[in-house]
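Rule-based calculations on the coordinates, nothing more; no lab input. This is a predicted model, so every value here is computed, not measured. Here the Cβ is made from the backbone with ideal geometry for all residues, glycine too, and neighbour counts use every protein chain on show.
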Amino acid sequence: MYYLQQRLAVVRNRSWRWRTLYNTPRLRHSQPARPNMSAQDDQDDLKPSSTPGYKPGAAKTAQEYATLDAEDESLARWKASLGIVPGAAVEGSGPKVSVLTLELDSPTLPQGKKIIFDLKDLNKLADTKKNPISIKEGVEYNVRITFKVNHSIISGVRYIQVVKRSGIKVDKLEQMLGSYGPSPTGEAYAKNFDPEESPSGMLARTGTYNVRSRVIDDDGEVYADWEWHFKLAKEW
């Protein structure tokens, strides 16, 4: 019986790295789970990690970047990869970035089924608290995020998410999106994250998970911040 209980408690997951859902989990950032986290703790968890000695440079407009060191061919290629070319960068007001969608994709999804969050539809996001989305246990899936740079240059943009169950943090993910300028064609950018594997087992399927997601840059500017909920199930 003891062996069976231990087997049920173990969650096999190479990406979330949970050892158990009721004992202290091994997190990506090696932080112990703490119940009843304060609002300040939440904000600390949602801050991007910093590199010792690194300081972001002074902010420049897209047009300033476009004309900077114009004779440097390698720099010109790098700027072009960000969509920074003379005449294409237009400064404006309002948010620098519009985060459009977050999608969960898996080769195991039933044909025709898609899980896409429209981040402009706040009511639908709020509805996941009462009707959490179902993620099939023990399958490979990946996250895809789409966003549009409206103006200016953004650097060191990251997607951060903190997952909690019953108020206890069980996972934190920090994914680098990169640096971008406004697209010359006005199209949105898309970033596919590395594949992950959902946890499995009876204990993993118990309860609902709360996710706090944030898109933030090196300067600490927050472009999007939202919550959503999911549960693990035997089927999608």
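When 170, 97 are ordered from fewest to most other Cβ atoms inside 10 Å of their Cβ, what list results?
Working: 170 20, 97 23.
Neighbour counts put them in this order, fewest first: 170, 97.
Considering only C-alpha atoms, what is the centroid distance from the stretch 132-151 to the stretch 154-168, in Å?
So the two Cα centres are separated by 13 Å.
Kindly write out, for the stretch 132-149 in residue order, the coupling ³J(HN,Hα) from the Karplus curve 6.51 cos²θ - 1.76 cosθ + 1.60 (θ = phi - 60°), rounded to whole Hz, with x marking Gly and Pro.
Karplus values, whole Hz, x for Gly and Pro: x, 6, 9, 10, 5, 6, x, 10, 7, 8, 9, 9, 10, 10, 10, 7, 10, 8.
Based on other C-beta atoms within 10 Å, arrange 125, 232 from fewest to most.
Ordered by Cβ neighbours within 10 Å, fewest first: 125, 232.
Mind giving me the nanometre distance, one decimal, between the label points for residue 78 and residue 116, set 7 Å out from Cα along Cα→Cβ?
3.5 nm
As I understand it, the dipole of the stretch 116-163 uses +1 on the Cβ of Lys and Arg and -1 on the Cβ of Asp and Glu, about the Cα centre. Which of 141, 154, 125 lies farthest toward its positive end?
Going by the Cα projections, it comes out as 154.
Fewest to most neighbouring Cβ within 10 Å: what's the order for 166, 179?
Numbers: 166 12, 179 17.
Result, fewest neighbours first: 166, 179.
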